[in-house]
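Read-outs throughout are calculated quantities, based only on the coordinates presented, and are distinct from any laboratory measurement. Because the structure is a prediction, the values reported are computed rather than measured. With ideal geometry, Cβ positions are generated from the backbone for all residues, glycine too; neighbour counts draw on all protein chains shown.
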Amino acid sequence: MTEPQGKAGGITRRSFLASTAVGLGATAIALNSPNMQAFASDVVPMTEDEVYYGRCMFGGCFNCEREIIVREGHVVATRPSTRDTAFGRRPCARGYNHTMQSYSPMALQYPMKRVEGTARGDEQWERISWDEAFALVIDKFGTAMREYGNQSVLYGQQSGTYGLISGYQMYRLAHMLGWTFIEASVDNALGVGQNRVTGSGSANVMYHWEEQVYNSKNVILWSTNTSEAYVQRYRHLIMAQRGGTKLHCVDPNETMIAQRSHRWYPVRPGADIALILSCCQYIVEQGLQDTEFIMSDSAGTYLINGETGNYLRMSDLGVEPTEGPVDAMTGQPTVVDPYVEWDRVTESAVEAGTAEDPALEGAYEVEGASCTTSYSMLVERLQQFKPEDVAEEVGLSVDQIHELARAAADGPTMHFFGYGAACYDNGLEMGWAAAILMALTGAYRQEAGRGTNNQVYAVPIDWSYIFSGGMAPSISVLDIGNVIESGTFKGEPWPIKCLFLCGINLIGGAANQNRVTEFVNKLDFVVTTAITYTDNCVWSDLILPAAMHAEREEYAASPLDFTISYTPKMMEPGFERLPLQDMVRAFADGFGVGDEFSRSDDEVIARLLSDSLFTSQGITVERIKEEVTVPYRTGTFWVRTEGWTTPTKKLEFYCEDPTRSIRMENESEMTEEYMDHLPSFRKPREAWEGTEAMQKYPIICQSVRAKHRWHNDGYDSPWLKDLEPEPVMRINPDDARERGLADGDYAEFYNDRGSCVMRVYTDAALHPGVVTYPKGMDRRQFKRGTYSALTSSYCNPVHVNTSFFDTCVEMRKWEGEE
Amino acid sequence: MARYGFAIDVELCMGCNACAMACKVENNLPDGVWWRRVVSDGGVGPDTFGGTFGNAYKDYYSVACQHCENPACVKVCPVGATYKDAETGVVRQDYDKCIGCRMCVSACPYTGVRSFNWEEPEYFTGVRMGAADVPDHQKHTVEKCTLCWHRLAKGEKPACVAGCVGYAMTFGDLNDPESEISKLVATRSYKQLLPEMGTEPNVYFLV
């Protein structure tokens, strides 16, 4: 419910919801429809409106097409596009605000420098000219680069700035200059885990979601709060269900989509891995696996050498490896040493692919070594997860696990993943187990209803242009504080002196905020370019105002569907705001690489879209400008048609080298538990009963999407603030009662890392012992502190993902002033 | 005579507020004024579930003027500023006639669907927003949903319906048995708000 308190006062829900009548269709009486003349308009417009079409540019969202009305040089309205856009998407509440940001009271207007003698965070600013601003950046950064090396400039860019002209040009410049990138370490774990089974491409196993969902018999929703996080997809799930698709929602909390699904599985927070592996055990036990697919697409028949733990190769059988094609990366011939299967006809070990009847299961003696098929290795591991053994730990009944397993096996089944379940320290295992379930059940092959992630990460632009001047190093945001303080990274000197923030919500959004402000304050010079006055700005020395969405031309490649889009410039930049791409050119000139950025915007786009994927489909800059939204098609099943990218080129149930494709940051934490060849249920590091943290702070703190923000974009919008005025923590009614908290109270949430004060409301949908907060609020919107002060910044060495949900807190009524 | 109204599919409504925002932008509503709001029926707080874990419940209701068949507001308006359009059934408000007595506000059982401009309307945007053919908002005037009269005049649906992300809202003539809305109301279970007040609202919440 939203009850904005404006001059109009609030609607009182109880006043009319208390008495509603239910009836079944009253009989309608036919009368003549009125002539349209009946609606004679009250006002005759004096000016002609200009109508533009453009797309939202929020990173990681749908980029819905909208009709934008411009009158006398000003954007005055946003409407749903009346043209046939992708799947009939209409802008959400945030999309209306997006074009209006030029008018935000918090919109940046001029370059501003922190007043000499004041501290960061004092918010004392002095307006300066662009010439002074550019000179300052070039002087400060240039000095640091000369004295400490180019890596001494730390650069952060995330989805707040991902336009193909502006964002990617800035990205290219930072790479070319060799700055140190901040790797944001969000939403990594799921993909890294899946890659253990599929290779490097699992994040791209997502095709035309809106078409597939209707063709699926079952859809399993893994911790995706669709009605709030994916509003454009919610209706498709409901409509598919009305058409016969069954929705199975796995979520600790009774979300709206959980409530409206065929089945809801209220898994214990952080236990999804055990649930998935238990489903796998039941599937195999019952013989529900897709054996044909396993035989064709997996390395299940490949033998594992019990002594070495490696896949058996023909060289182990005395067959000399041969030379293969030259590796383009190394310039050296590849080594061909085929894998080995057991042929049940000849009763012998043979080169993989040559057996007449390859054994999928079994243990065999080969050249004196005990060998087992990789499939059997998996099956053996799964026996630790029999439903009757893990049901209690998972928080579900044996029957519930059986039913979910049958839904996974009874395809076509589509898996739709949110990021919640992977937001624990065991996030990698979550992705790994899920991929194994999809491989076992053939979800990866089914024409209708395939295993899916929710985003396309690798937009197929020509990345060689981006990296033509070199590729800079990156360090996780979870580790960067240590690097700043020690001046070293992986044993090498690595001084960091300056920070440039561009579309990344570092201050306010990154975990463990008290730590973040601590290390930011150790830097000599901090610059933020932004469109509004964000938390980053507050803690900067210099603020550079970027042109708003309506004030510049831009292209984008949507991460949630397959489109390239164009948004024209609709109004002049207000005040002294500059398009980011113009700032890039000024910086490039100042740092002596201006020639590399002399292309016009159109030329840049043409270069980025020079990949054959686009040219073969006739996608040109001119066409995109004319049509605004241009869909492109990929193969019907990209990953599979290009082959799996694992070492075996097959789906792997057994990971020979667990260090492959992992991120090797925080190597000191790289212990034996991460070296398992098969997935297991590693408990959450903090948010699990019995941990030291949980004994002190017994409440698990999870985030949800703020319904009316996109990341922190729109935090400043008067309209969105009417709808969602302040951060609210939702708490289970029993937990509230135990602590004497009532609806509307302010409460303090705290742990060893920090605290914050927020308004609380009870919510019966929350798993007992869980609280949820809306991501996307500005630090200054809290009564005190920020929820980001609570979250853990532990840097898991394997997936290097922020485990936002692996956070425990305690709460008490706030006795401070209102 | 037509009887224009809304059918709103409660299962498809996720409370995203796009309808409220579309209305606000299209109609150039002043700061703090919303003619349409989405309210949740669940727990005490906004967007929260009521009930108990495992049997929690929350539904959303997009609420504005109900364009009643028997509108309480029309009966009490002393100057005829609030009236029911004879041909369309739309409950209209004539800003120029309105004397700001707010009798209509008191009489309407659907609390909060009307706004009253106590002061000169203000806009943080600094420019006049919305459709060019909506009337200017006036001080000391009661306002409410016009059913996007200016859009109907152009053969367009109300902004809220055209903007519904979940495709939950249907607009049409309830007196035309062939209209989509009539068919929905004839075949689906529905709720109406405060039917016992006798206002005969023309908004049907399909459940």
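Can you pull the mean other chain C-beta count within 10 Å for peptide B:105-114? Let's see the in-between values first.
Details: counts 2, 0, 0, 0, 3, 4, 8, 10, 3, 2.
Taking the mean over all residues of the peptide, I get 3.
When the helix-only estimate is applied to chain A (DSSP H runs of n ≥ 4, each -39,500 (n - 2.57), divided by the residue count), what is the mean residue ellipticity at 222 nm, nearest 500 deg cm²/dmol? Kindly include the intermediate steps, with their values, before the conclusion.
On the way: 28 runs with 219 residues, N = 818.
Calculated from helices alone, the mean residue ellipticity at 222 nm is -7000 deg cm²/dmol.
Could you sort the peptides B:82-92, A:506-516 by per-residue average Cβ neighbour count (10 Å cutoff), highest mean leading? Walk me through the intermediate numbers first.
On the way: B:82-92: 19.5, A:506-516: 23.1.
Result, highest mean first: A:506-516, B:82-92.
Could you give the length gained on full extension between A:SER348 and A:ASP589, defined as 0.36 nm per residue of separation minus the Cα-Cα distance, in nm? Walk me through the intermediate numbers first.
On the way: separation 241, 0.36 × 241 = 86.76 nm, distance 6.76 nm.
Additional length available on full extension: 80.0 nm.
What are the GluC sites (Glu not before Pro) within region A:735-816 that DSSP puts in a loop, where the Cβ has at most 15 other Cβ atoms within 10 Å?
Working: sites: A:GLU738, A:GLU748, A:GLU810, A:GLU815; in loops: A:GLU815.
Answer by residue number: A:GLU815.
Calculate the mean, over all residues of peptide A:761-773, of how many other protein chain Cβ atoms lie within 10 angstrom of the residue's Cβ. Before the final figure, lay out each step's value.
On the way: counts 6, 6, 11, 13, 13, 4, 2, 1, 0, 1, 0, 0, 0.
Average neighbour count from other chains, rounded to a whole number: 4.
For region B:1-133, calculate the relative contact order in percent as a whole number, restricting contacts to Cα pairs under 8 Å that are 6 or more residues apart. Could you put the intermediate results ahead of the total?
On the way: 192 pairs, mean separation 35.6, N = 133.
After rounding, I find 27 percent.
DSSP beta bridges in region A:641-762, what fraction antiparallel, as a percent rounded to 5?
On the way: 6 of 10 bridges.
DSSP beta bridges in region A:641-762 are roughly 60 percent antiparallel.
Would you list A:SER680, B:SER182 from fewest to most Cβ contacts within 10 Å? Kindly include the intermediate steps, with their values, before the conclusion.
Details: A:SER680 17, B:SER182 25.
So the ranking, lowest neighbour count to highest, is A:SER680, B:SER182.
Suppose the chain between A:ARG83 and A:THR488 were pulled fully straight at 0.36 nm per residue; how much longer would it get relative to their current alpha carbon spacing? Provide the component values of the computation, followed by the final result.
Values: separation 405, 0.36 × 405 = 145.80 nm, distance 5.45 nm.
Answer, rounded to one decimal: 140.4 nm.
List the GluC sites (Glu not before Pro) in region A:113-153 that DSSP assigns to loop (not H, G, I, E or B) and whose Cβ has at most 13 other Cβ atoms within 10 Å. Which are they? Walk me through the numbers on the way to the answer.
Numbers: sites: A:GLU116, A:GLU123, A:GLU126, A:GLU132, A:GLU147; in loops: A:GLU116, A:GLU123.
Here the sparse-neighbourhood loop sites are A:GLU116.
So what is the relative contact order for region A:724-818, in percent, with contacts set as C-alpha pairs under 8 Å and at least six apart? Could the numbers behind the result be given before it?
Details: 173 pairs, mean separation 33.1, N = 95.
That works out to 35 percent.
In peptide B:184-193, how many Cβ atoms from other protein chains are near each Cβ within 10 Å, on average?
Details: counts 1, 6, 5, 2, 2, 4, 7, 5, 7, 7.
The mean count of partner-chain Cβ atoms within 10 Å per residue comes to 5.
In terms of Cα to Cα distance under 16 Å, which aspartates and glutamates are near enough to B:LYS183, apart from those fewer than 8 places away along the same chain?
Here the aspartates and glutamates satisfying the reach criterion relative to B:LYS183 are B:ASP9, B:ASP173.
Using Cα pairs closer than 8 Å and at least 6 residues apart in sequence, work out the relative contact order for chain A, in percent.
On the way: 1712 pairs, mean separation 156.5, N = 818.
Over chain A, the number comes to 19 percent.
Using a ≥ b ≥ c from the Cα gyration tensor of region A:311-463 (square roots of the eigenvalues), is it rounded, prolate or oblate, where a/c under 1.5 gives rounded and otherwise the larger of a/b and b/c decides, a/b for prolate? All intermediate terms of the calculation are to be shown ahead of the outcome.
Working: a/c = 2.23, a/b = 1.34, b/c = 1.66.
Taking the square roots of the gyration eigenvalues as a ≥ b ≥ c, region A:311-463 is oblate.
What Kirkwood radius, in Å to one decimal, follows from the Cα pairs of chain B?
On the way: mean 1/r = 0.0565 Å⁻¹.
Taking every pair of different Cα atoms in chain B, averaging 1/r and inverting gives 17.7 Å.
Determine the distance separating the Cα centre of region A:706-778 from the Cα centre of region A:479-520; give it in Å without decimals.
Centre-to-centre distance over Cα atoms comes out at 28 Å.
On a C-alpha basis, how far is the centre of region B:44-59 from the centre of region A:399-413 in Å? Whole number, if you could?
28
Which aspartates and glutamates have a Cα lying under 19 Å from the Cα of A:LYS217, excluding residues fewer than 8 positions away in the same chain?
A:LYS217 reaches A:ASP290, A:GLU403, A:ASP410, A:GLU447.
So if each residue of separation counts as 0.36 nm, and I subtract the Cα-Cα distance between B:VAL10 and B:VAL127, what length gain in nm does that give?
On the way: separation 117, 0.36 × 117 = 42.12 nm, distance 3.54 nm.
Extra length from B:VAL10 to B:VAL127 when fully extended: 38.6 nm.
Among DSSP beta bridges lying fully in chain A, give the percent that are antiparallel, nearest 5. Don't skip to the answer; put the middle values down first.
Values: 60 of 106 bridges.
Of those bridges, close to 55 percent are antiparallel.
In region A:314-385, what GluC sites (Glu not before Pro) fall in a loop by DSSP, with at most 16 other Cβ atoms inside 10 Å? The partial results should precede the final answer.
Details: sites: A:GLU323, A:GLU341, A:GLU347, A:GLU351, A:GLU356, A:GLU361, A:GLU365, A:GLU367, A:GLU380; in loops: A:GLU347, A:GLU356, A:GLU361, A:GLU367.
For GluC sites (Glu not before Pro) across region A:314-385 that sit outside H, G, I, E and B with at most 16 neighbouring Cβ atoms in 10 Å, the list reads A:GLU347, A:GLU356, A:GLU361, A:GLU367.
Which whole-number value in Å³ per residue fits the convex hull of the alpha carbons of chain A? Please list the in-between numbers first.
On the way: hull volume 168.0 nm³, N = 818.
Once divided by residue count, the hull of chain A is 205 Å³.
Can you tell me how region A:333-399 classifies by the Cα gyration tensor, rounded, prolate or oblate, using a/c under 1.5 as the rounded cut? Let's see the in-between values first.
Working: a/c = 3.13, a/b = 2.42, b/c = 1.29.
Prolate shape, in that a/c is at least 1.5 and a/b is the bigger ratio.
Considering region A:163-297, what Rg and Dmax in Å follow from its alpha-carbon atoms?
19.1, 58
Using a basic spin-label model with each label point 7 Å from the Cα along Cα→Cβ, how many nm lie between A:ASP49 and B:GLU120?
Using points 7 Å along Cα→Cβ, the separation is 2.6 nm.
Report the residue, chosen from B:ALA72, B:ALA107, B:ALA56, that carries the largest GNM mean-square fluctuation when chain B is represented by alpha-carbon nodes joined by springs under 10 Å.
B:ALA56
Quick check: from the Cα gyration tensor, does region A:283-327 come out rounded (a/c under 1.5), prolate or oblate? Each step should come with its number before you reach the end.
Working: a/c = 3.67, a/b = 1.83, b/c = 2.01.
The shape class here is oblate.
Which ³J(HN,Hα) values, rounded to whole Hz and listed in residue order, are derived for region A:725-732 from phi using the Karplus coefficients 6.51, -1.76 and 1.60 in 6.51 cos²θ - 1.76 cosθ + 1.60 with θ = phi - 60°, glycine and proline given as x?
Going residue by residue, I get x, 7, x, 10, 9, 9, 9, 5 Hz, with x marking Gly and Pro.
As a quick test, which of the pairs B:LYS157/B:LYS191; A:LYS522/A:LYS775; B:LYS84/B:LYS154; A:LYS386/A:LYS683; B:LYS58/B:LYS84 have an alpha carbon distance above 25 angstrom in this structure? Can you show the working numbers first?
Numbers: B:LYS157/B:LYS191 23 Å; A:LYS522/A:LYS775 27 Å; B:LYS84/B:LYS154 20 Å; A:LYS386/A:LYS683 17 Å; B:LYS58/B:LYS84 34 Å.
Checking Cα-Cα distances, A:LYS522/A:LYS775; B:LYS58/B:LYS84 exceed 25 Å.
For region A:234-303, build the convex hull from the C-alpha positions and give me its volume per residue in Å³.
On the way: hull volume 10.0 nm³, N = 70.
Cα convex hull per residue, to the nearest whole number: 143 Å³.
For a quick protection proxy, order the peptides A:594-600, A:618-624, A:789-795, A:647-653 by their average other-Cβ count within 10 Å, most packed first.
Values: A:594-600: 12.4, A:618-624: 15.0, A:789-795: 23.3, A:647-653: 21.6.
Sorting A:594-600, A:618-624, A:789-795, A:647-653 by mean packing, highest first, produces A:789-795, A:647-653, A:618-624, A:594-600.
Once all Cα-Cα distances of region B:1-81 are split into 5 Å bins that start at 0, what whole-number percent is in each one?
All Cα pairs considered, the percentages come to 3, 12, 16, 18, 18, 16, 9, 5, 2, 1, 0.
Grab the other residues whose beta carbon is less than 9 angstrom from that of B:ARG92, score K and R as +1, D and E as -1, and report the net.
Values: positive: B:LYS84; negative: B:ASP85, B:ASP94.
Its environment carries a net charge of -1.
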